[in-house]
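Shown next, in structure tokens, is the structure this report addresses.
The values are calculated or read from the model by the stated rules, or taken from the named source; none is laboratory data. Quick caveat, the model's predicted, so the values are computed rather than measured. Quick reminder, even Gly has a Cβ in these numbers, built from the backbone with ideal geometry, and neighbours come from all protein chains shown.
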2 protein chains.
Amino acid sequence: MGLEMEEVAAALPMEAAAAREPGVEIYPLSLYYFGAKDAAVPPRAVETPADRALRLKANFAAHGLRTSVHGVLLVELFDHPHVLLLQVRNSSFVLPGGRLRPGEEDVQGLKRKLSSKLSVVGDSDDFTGDVDDWQVGECIGMWWRSEFGAVPCPYMPPSFRTPKECIKLFLIRLPMSRRFVVPRNMKLLAVPLSQIHGNAQVYGPIISGIPNLLSKFSFNVISD
Amino acid sequence: MGLEMEEVAAALPMEAAAAREPGVEIYPLSLYYFGAKDAAVPPRAVETPADRALRLKANFAAHGLRTSVHGVLLVELFDHPHVLLLQVRNSSFVLPGGRLRPGEEDVQGLKRKLSSKLSVVGDSDDFTGDVDDWQVGECIGMWWRSEFGAVPCPYMPPSFRTPKECIKLFLIRLPMSRRFVVPRNMKLLAVPLSQIHGNAQVYGPIISGIPNLLSKFSFNVISD
């Protein structure tokens, strides 16, 4: 059925298709290979919250607004889109991605971070060579923090003029097959949209809002 | 400050601006005029839930999937974007819009509904003449109901093959000034994003998710 829908979309004139919702192809989880590698960066297990606050404050003083970029990667399982989430030490879920270097461009920084978290090649965070061929699509959402540690908002509240952190989500278009090689201190899980939606308690406000952000896209779910 | 931002955006090359987030201009609430008119359609106050279920079932049997289209209209107040919501008889909040006629196209149907709810000209629901010059932008979200009365989902759950209703949200770009003329049984309110966000208890799952859907846009908030 997925392939049929794809053909219909292809038969539409380009402009009409663009005016509707952009189509996104999703391939079965079974077509991807999952492996492990040594962690690029030793986990910050020893950092206390107070230490972290100090570090972020010092970074803000030196470089200003902290910008994080994250990728939303989708696969198919049981005919339903699943989001790939990293689970750190059996607890919190995060999207693959991370903080930009000062002056680094969004898309380039996200490619670097995706390689560092999900590829064999990006086996060091200092990796500066050719990054993997990630197809980074549109920015689908943006969140702001007034203070480090504050609950993020999907808008800039009128009360704060100098936000401390901006978190951007980008849709990644995956090829039909690829290898994901994940640091050993993390697990890569495929979580169904139906489980994530509205479940801020488990996934936090940003991830739990992803199904809403994706709702305008028409998916071509390619089943096995 | 708003005007300055606009100039910066205009100075960027077209492609670079498009590759970032589409800019949306928002004008002060004070530039709009609000008036009242007699209701286009008498309110369905006398319809019982059972009657409503029967009516929707009969409609589904005759015409298939019910599609509703809604407009997200934004104004500025206190330097913060506000969404225009209709309040019916001091209780529930709804977005301006409504159900498409069988075979009616999304944008045309939404223009007809916006005129019927918000314009002098569309003073009858059967109004078929030239609709107001509404600038209907992109579809920003889409929700599905498996059954009439069921909680809507921002995705098509794998379990249901024949959804009963599809609800689409479109971003409307307002001119710098215009008249809103609203049926007497409704109120048009400007509600801040900060109040709507995550507040499903008051605004329902669809409206409370709008700030998230809008987060990728860069707003040029034009203050008085």
Residue check for residue A:47: modelled with pLDDT of 90 or more, charged (D, E, K, R) and surrounded by 11 or more Cβ atoms within 10 Å (Cβ to Cβ): no
Here are some residues: B:131, B:120, B:151. Which one is closer than 30 Å to residue A:143 by Cβ, modelled with pLDDT under 95 and assigned to a loop (DSSP other than H, G, I, E, B)? B:151
Could you check segment B:95-122 and list, in sequence order, the residues that are within 24 Å of residue B:64 (Cα to Cα), of a type in the set (A, V, I, L, M, F, W, C) and without any contact (Cβ under 8 Å) to a residue 40 or more places away in the chain? B:100
Just one of B:179, B:145 is touching a Pro at 6+ places or on another chain (Cβ under 6 Å) and more than 10 Å from chain A (Cβ to nearest Cβ); which is it? B:145
Of residues in segment A:201-224 being more than 10 Å from chain B (Cβ to nearest Cβ) and on the phi < 0 side of the Ramachandran plot, the one farthest from the chain's Cα centre (by Cα): A:224
Does residue A:198 meet the test of being away from chain B (no Cβ under 13 Å) and touching a Pro at 6+ places or on another chain (Cβ under 9 Å)? no
Within segment B:57-77, restricting to residues that are surrounded by 12 or more Cβ atoms within 10 Å (Cβ to Cβ) and out of contact with any strand residue (DSSP E or B) (no Cβ under 7 Å at 6 or more places or on another chain), the one that is farthest from residue B:118 (Cα to Cα) is B:57
Those residues of segment A:63-92 that are closer than 16 Å to residue A:180 by Cα and aromatic (Phe, Trp, Tyr) come to a total of 0
Can we say residue B:156 is at pLDDT below 95, surrounded by 15 or more Cβ atoms within 10 Å (Cβ to Cβ) and within 14 Å of chain A (Cβ to nearest Cβ)? yes
Which residues, taken from segment A:80-98, are surrounded by fewer than 16 Cβ atoms within 10 Å (Cβ to Cβ) and over 19 Å from residue A:200 (Cβ atoms)? A:89, A:90
For segment B:153-187, how many residues meet the condition of being closer than 22 Å to residue B:67 by Cα and of a type in the set (A, V, I, L, M)? 5
Is one or more of the residues making up segment B:189-198 closer than 30 Å to residue B:37 by Cα and without any contact (Cβ under 8 Å) to a residue 40 or more places away in the chain? yes
